[in-house]
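Bear in mind these aren't lab numbers, they're just calculated from the coordinates by the rules spelled out. Computed from a predicted model, the values in this text were never measured in an experiment. Reconstructed Cβ throughout: ideal geometry from the backbone, glycine too, with neighbour counts over all protein chains shown.
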Amino acid sequence: MGLKPDHWIKKMAHEHGMIEPFVDTQVRKGVISYGVSSYGYDIRVTEEFKIFTNVNSAIVDPKNFDPRSMVDFTGSVCIIPPNSFALARSVEYFRIPRNVLTVCLGKSTYARCGIIVNVTPFEPEWEGFVTLEISNTTPLPAKIYANEGIAQVLFFEGDEVCQVSYADKKGKYQNQQSIILPKL
């Protein structure tokens, strides 16, 4: 399994619709960078956010997540409260090939501010918009900018295709179109 360079990413995006919309350069002027990079693709989030709140004194339970723990917000800048998090949806729609696995990492510009992006890998044949979890680990409010780079996706191509893909398993987050809360 090997890490794939920019020319492979461009080919897969153009010929197979792996990333849509696809920006085939690194956009940097006046924004946190996004688009294709040397060995990955820097993704953005839309203006739709779900911000965690504890106004209902709920317990966070991944098997029974209380949707009242989230407040919907729409805007070009999202303020995440101290020691809290927000969920957001990627601008980009992904179609991961059967012989590819991705790893998504937060961008260093945000990490240097104590803002961490946590996303699970995109498994072979997973498809959809990405739901990202953005944590503010600081004791101060933190700004997140919509339509600018938030995380980098790295692509790894296997030497052969997997026996069972995410689509084969009928994964619970397949074809997500919006921000999806935890499901069992």
- Query: About its Cα centre, how strong a charge dipole does region 23-102 have in debye, to the nearest 20, once Lys and Arg get +1 and Asp and Glu get -1 at the Cβ?
  - Reply: 180 debye
- Message: Give the residue list of trypsin sites (Lys or Arg not before Pro) in region 117-171 that are DSSP loop and have at most 14 other beta-carbon atoms within 10 angstrom.
- Response: Lys169, Lys170
- Message: Could you tell me the relative contact order of region 13-106? Use alpha-carbon pairs under 8 Å, at least six residues apart, and round to a whole percent.
- Response: 33 percent
- Estimated vicinal HN-Hα couplings, Hz - region 24-37 in sequence order (Karplus 6.51, -1.76, 1.60; Gly, Pro = x): 8, 9, 8, 7, 9, 4, x, 9, 6, 4, 8, x, 5, 10
- Please give, to one decimal in nm, the separation of the simple spin-label points placed at Gln26 and Val60, each 7 Å out from Cα toward the Cβ. 3.2 nm
- Message: Only counting other Cβ atoms within 10 Å, I'd like Thr74, Thr120 sorted with the fewest neighbours first.
- Response: Thr74, Thr120
- Message: Give me the extension gain from Cys113 to Phe73: residue separation times 0.36 nm, minus the current Cα-Cα distance, reported in nm with one decimal.
- Response: 12.2 nm
- Note on the structure: Ranked on Cβ counts within 10 Å of their own Cβ, fewest leading, Ile80, Ile180 go Ile180, Ile80
- Query: Contour minus end-to-end for Ser178 and Ser33, with contour as 0.36 nm per residue of separation and end-to-end as the Cα-Cα distance?
  - Reply: 49.9 nm
- Note on the structure: Mean shadow area (nm²) of the C-alpha convex hull around region 3-121 is 9.1 nm²
- Note on the structure: The helix 6-16 Cα axis meets the longest alpha-carbon principal axis of the chain at an angle in degrees, between 0 and 90 and rounded to 10, of 90 degrees
- Item | Contact order relative to length of the chain, as percent, for alpha carbon pairs under 8 angstrom and 6 or more apart | 29 percent
- Task: Could you work out how far the C-alpha centroid of region 40-117 sits from that of region 160-184, in angstrom?
- Result: 18 Å
- Which of Ala58, Gly171, Asn147 sits farthest toward the positive end of the charge dipole of region 28-184, with +1 on the Cβ of Lys and Arg and -1 on the Cβ of Asp and Glu? Ala58
